[in-house]
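The values are calculated or read from the model by the stated rules, or taken from the named source; none is laboratory data. No experiment lies behind these values; they were computed from the predicted model shown. Neighbour counts are summed over all protein chains in view; Cβ atoms, including those assigned to glycine, are modelled from backbone coordinates with ideal geometry. Ligands, DNA and RNA are stripped out before the accessible areas are found, and what is left, the full protein with its side chains, is counted by its heavy atoms. Shrake-Rupley method; radii C 1.70, N 1.55, O 1.52, S 1.80 Å.
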Amino acid sequence: MEEVMQLGKGVSFSHMFEALPYDGPGDKIKLPPSSFKELSDEGALDKGPMYFRLSKVSDRVPGAPQEQDADEATCCGVLEFTAREGSAELTPHVWNNLFQGDSPDVPLIEVRYVSLPKGTYAKLKPEGVGFSDLPNHRAVLETALRNHATLSENDIVVVNYGQLQYKLKVLELKPASSVSVLETDVEVDIEGPDSVLDNVENEHVLVPLETGKVESGVVEEGRFRYYKFLLDEGMGEKVASGRASIEVKIETDTRGGDTDIYVSRHPLVFPTQHRHEWSSHEMGSKILILKPRDASLVSGTYSIGVYGFKGTTNYQLSVAIKDVITSQRIGEQASASSSVDVDSVVCKNCKRYISSRTSLLHEAYCVRHNVVCTHDGCGVVLRKEEAADHVHCNKCGQAFQQREMEKHMKVFHEPLQCPCGVVLEKEDMVQHQSSTCPLRLIVCRFCGDTVQAGGEPLDARDRLRDMCEHESICGSRTAPCDSCGRSVMLKDMDIHVIAVHQKS
């Protein structure tokens, strides 16, 4: 550590402990009760938050200066004094930064009380690509750092975003190599990764895709390749008005492979089989037309996930904005051509209207060559040689060709297990993960962070206000009213303003 870091400030506390892991967020460790008594006697409790410097002692040369193992040290805060005597319990963040994958049989560490300056500047660098693709990724990092009391240079900070995990290395800190991040404003600089598109093994990377241009790629079975494209406000208004449509087209090599397409609009960054807004599961090449569900939410960034359903598939992907052609004359002609002649009769086989002059000839030909599907609600007319290939799903009733049935059953009716433990079919899983799954990501209306929603709130009033568990807890924090200064819970602030301050 740097000389500018002030050790102790009059508090002398340095002990050797056996390190034990425990599952917890951030960098706050657990120490034994005897440490609390000693720190209290030293007056450490009167100096504000307590910080400690942790270093490995198993490989230290006896009598060596402190700087020798600076690369094998980190700093942390303390959560509580409940560890068993002779041990210190470390969170995964502290453990991984201290031992860096090398876990000795009996991990011994030195815990020393230190005084750290408040941080003013931090530079971090993602290990790998994809972190900057997250919407408002700085806010995501800020949320992760709320569980931290300290930062040290060369530490690896893990940021969780839903089921994804990103690692960022601390490159530089000011004013010292270890700083406190409690109750201070830190200027954060995020440096770009070494490579952007070289690491193709990481499937959670968004490759930029320009509208009107073709992007070639290869996807293996069971894996995703992700792309993103931007729809500006001008085009967004055109699509929202119905004058244009968004067309996603994929052309695939037909030699054994097959793909599916999943599309979402940010903040859902990486669409999956059961978390998406649009999808297409047709075999071979396919075109997906994106129909906006909300006219006010059209412009913005979209993500496309190309999923390898079967085998290794070569494909060409493109996005285009196509004008929608509408003509009253064409509509009138279509209406006129579809009118039924007064002398028409209904064919007994195909149920179509046929001119009475040719009805006998038509029926003789139709009965000999055509057959009508007898499935309830279908009634489609098929050539007899095609009838054997026309099948219906016995679960949902949709019609397919025989070769498409296996894929349909696997995609739509194979039970899927949500990370929260619920087992559902695809359509129900999409609904579950978008509205009721406790692990779904939401933007909290009170703190503004992207967080997991949690289950239903315990308070019935919060359920009536359509709050999730996180918002119920987060909204229970109090803040002073701007008008009267009274402390009011955030979730009751609007009611307080109307009931107390609004004049009729």
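Using Cα pairs closer than 8 Å and at least 6 residues apart in sequence, work out the relative contact order for the range 344-392, in percent.
Working: 51 pairs, mean separation 12.8, N = 49.
Relative contact order for the range 344-392 comes out at 26 percent.
For labels at CYS396 and LEU164 in the simple 7 Å Cα→Cβ model, what's the distance in nm?
For the pair CYS396/LEU164, the computed spacing is 2.7 nm.
Please compute the contact order of the chain in relative form: average sequence separation of alpha-carbon pairs under 8 Å and at least six residues apart, divided by the residue count, as a percent.
Computed over the chain, the figure is 10 percent.
Pulled fully out, how much extra length does the chain show between VAL57 and ARG403, if you take 0.36 nm times their separation in residues and subtract their Cα-Cα distance?
118.1 nm
With a 1.4 Å probe and all protein chains kept in place, how do GLU247, GLU425, GLU85, GLU456 rank by accessible area, largest first?
GLU456, GLU85, GLU425, GLU247
Shape of the range 344-392 from its Cα gyration tensor (a ≥ b ≥ c, root eigenvalues): rounded if a/c is under 1.5, otherwise prolate when a/b > b/c, or oblate?
Taking the square roots of the gyration eigenvalues as a ≥ b ≥ c, the range 344-392 is oblate.
With a ≥ b ≥ c the root eigenvalues of the C-alpha gyration tensor of the range 121-190, is it rounded (a/c under 1.5), prolate (a/b larger than b/c) or oblate?
Working: a/c = 1.87, a/b = 1.54, b/c = 1.21.
It is prolate, given that a/c is not under 1.5 and a/b is the larger ratio.
If LYS125, LYS167, LYS286 are ordered by their accessible area, calculated over protein heavy atoms with a 1.4 Å probe, which sequence runs from highest to lowest?
So, going from the largest accessible area down, we get LYS167, LYS125, LYS286.
Can you give the net charge of the other residues whose Cβ lies under 10 Å from the Cβ of VAL114, counting K and R as +1 and D and E as -1? Can you show the working numbers first?
Working: positive: LYS9, ARG53, ARG112; negative: none.
Around VAL114, the surrounding residues sum to +3.
Can you spot the lysines whose alpha carbon is less than 22 Å from LYS310's alpha carbon? Ignore those fewer than 8 places along the same chain.
Within the straight-line cut-off, LYS310 pairs with LYS249, LYS286, LYS407, LYS410, LYS426.
Take the Cβ-Cβ distance between ARG84 and VAL214 as r, set R0 to 45 Å, and report the resulting FRET efficiency rounded to the nearest 0.05.
That gives a FRET efficiency of 0.10.
Hey, any idea what % of the chain's accessible area is carbon plus sulfur with a 1.4 Å probe?
So the carbon and sulfur contribution to the accessible surface is 49 percent.
For the range 441-501, divide the Cα radius of gyration by the Kirkwood radius and give the resulting Rg/Rh value with two decimals. List each step's numbers first, then the result.
On the way: Rg = 12.1 Å, Rh = 12.1 Å.
That ratio equals 1.00.
I want to check the label-to-label distance for LYS410 and SER355. Put each point 7 Å from Cα in the C-beta direction and report it in nm to one decimal.
A separation of 5.0 nm, rounded to one decimal place.
For the modelled label position 7 Å from the Cα of SER296 along Cα-to-Cβ, which residues of the range 439-466 have backbone nitrogen atoms closer than 19 Å?
443-446, 448, 466
With a 1.4 Å probe and every protein chain left in place, tell me how much accessible area ARG352 has, in Å² to the nearest 10.
Approximately 140 Å² of ARG352 is accessible to the 1.4 Å probe.
With Cβ to Cβ distances under 14 Å as the rule, what net charge do the other residues near ALA295 carry (K, R +1; D, E -1)? Mind dumping the intermediate values first?
Values: positive: LYS238, ARG243, ARG265, LYS291, ARG293; negative: GLU233, GLU237, ASP294.
In short, +2.
Got the relative contact order for the range 420-504 handy, in percent, Cα pairs under 8 Å and 6 or more residues apart?
On the way: 94 pairs, mean separation 13.8, N = 85.
This gives 16 percent for the range 420-504.
Given a Förster distance of 22 angstrom, what is the FRET efficiency for MET493 paired with GLU456, based on the Cβ-Cβ distance and rounded to 0.05?
Working from the Cβ atoms, E equals 0.50.
How much accessible surface area, in Å² rounded to 10, belongs to the heavy atoms of MET467 with a 1.4 Å probe?
20 Å²
Which value in nm describes the separation of the simple spin-label points at ILE442 and VAL346, placed 7 Å from the Cα toward the beta carbon?
Result for the modelled spin labels: 5.2 nm.
For the chain, with every protein chain kept in place, what is the accessible area per residue (1.4 Å probe, Å²)?
Values: 28110 Å² over 504 residues.
Per residue, the chain has an accessible area of 56 Å².
Would you mind computing Rg(Cα) / (2.2 N^0.38 Å) for the chain, counting N as its residues? Please list the in-between numbers first.
Details: Rg = 31.7 Å, N = 504, 2.2 N^0.38 = 23.4 Å.
The reported ratio for this selection is 1.36.
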